[in-house]
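Undergrad: Mind looking over this structure? Questions follow.
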Amino acid sequence: MTFDTLKYAETLREAGVDEKQAAAQAHALQDIVTEKVATRNQLEKVETSLKTDIEKVEISLKADIEKAETSLKADIEKVETSLKADIEKVETSLKADIEKVETSLKADIEKAEDGLTTKIEKVESSLKQDINGVKTDLAVVKAELDMIKWMMGGTVFGVLLLVVKTFLA
């Protein structure tokens, strides 16, 4: 930015400020403007520098994000692998537990079957003995009935003989 000190001093003189004061104020204001106010060229340099810095930061951030993404993907893969291994361990353990329970249950069923078979055999043997006893008792009763028949037959025959003898005599 350019500052016209002569024009400024003339404006002050026209307003009634004496020439020495107008010149002093013009020089003081010029010092302030040239030291404190940036020129367009200076602002463009700062803008270019800032754009370059922003691009560098952007590139750096993109690289950091890519690194973080790669690292996170690796961590996720590790966790996934670890979880798969843990699941396989649990699955193997559960299968082993199921096989143990199955084996135990089969053994219990076999014991129960053996116990029931033994009890059935005992009942069957007892029933056979009871049936044989009943058969023996029936044979005895049949023999007794046969004897009673013969005795009744003999008695009836004897009575008939007496009746015939009585009628014939």
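Any read-out appearing in this document is the output of simple, stated calculations on the displayed coordinates, not a laboratory observation. Given the structure is predicted, the values throughout are model-derived calculations rather than measurements. Cβ coordinates were reconstructed from backbone atoms using ideal geometry, including for glycine residues, and neighbour counts include every protein chain displayed.
Undergrad: If you take the residues in the range 29-49 that are among the aliphatic types (A, V, I, L, M) and within 12 Å of D4 (Cα to Cα), which one is surrounded by the most Cβ atoms within 10 Å (Cβ to Cβ)?
TA: L29
Undergrad: Same structure, new question: Scanning for something among the hydrophobic types (A, V, I, L, M, F, W, C) and over 60 Å from the mean Cα position of the chain (by Cα), does the range 122-131 turn up at least one residue?
TA: yes
Undergrad: Quick test for you: out of D31, D86, pick the one residue that is within 30 Å of T11 (Cα to Cα) and not aliphatic (A, V, I, L, M).
TA: After ruling out the rest, the residue left standing is D31.
Undergrad: I've got another one for you. Could you give every pair whose Cβ atoms fall below 9 Å, whose first residue belongs to the range 4-23 and is touching a residue at least 60 places away in the same chain (Cβ under 8 Å) and loosely packed, with under 10 Cβ neighbours inside 10 Å, and whose second residue is part of a loop (DSSP other than H, G, I, E, B) and not small (G, A, S), counting only separations of at least 6 or pairs across chains?
TA: none
Undergrad: Ok, one more. Do we find that E88 is closer than 30 Å to F3 by Cβ and surrounded by 10 or more Cβ atoms within 10 Å (Cβ to Cβ) in this structure?
TA: In short, no.
Undergrad: Follow-up question, since we're still on this one. Could you tell me which numbered condition R40 fails, if it satisfies all but one of (1) of a type outside the set (F, W, Y); (2) touching a residue at least 12 places away in the same chain (Cβ under 8 Å); (3) over 30 Å from Y8 (Cβ atoms)?
TA: (3)
Undergrad: Here is a further query. Is there a residue being exposed (fewer than 10 other Cβ atoms within 10 Å of the Cβ) and of a type outside the set (D, E, K, R) anywhere in the range 102-110?
TA: No, every residue in the range 102-110 fails to be exposed (fewer than 10 other Cβ atoms within 10 Å of the Cβ) and of a type outside the set (D, E, K, R).
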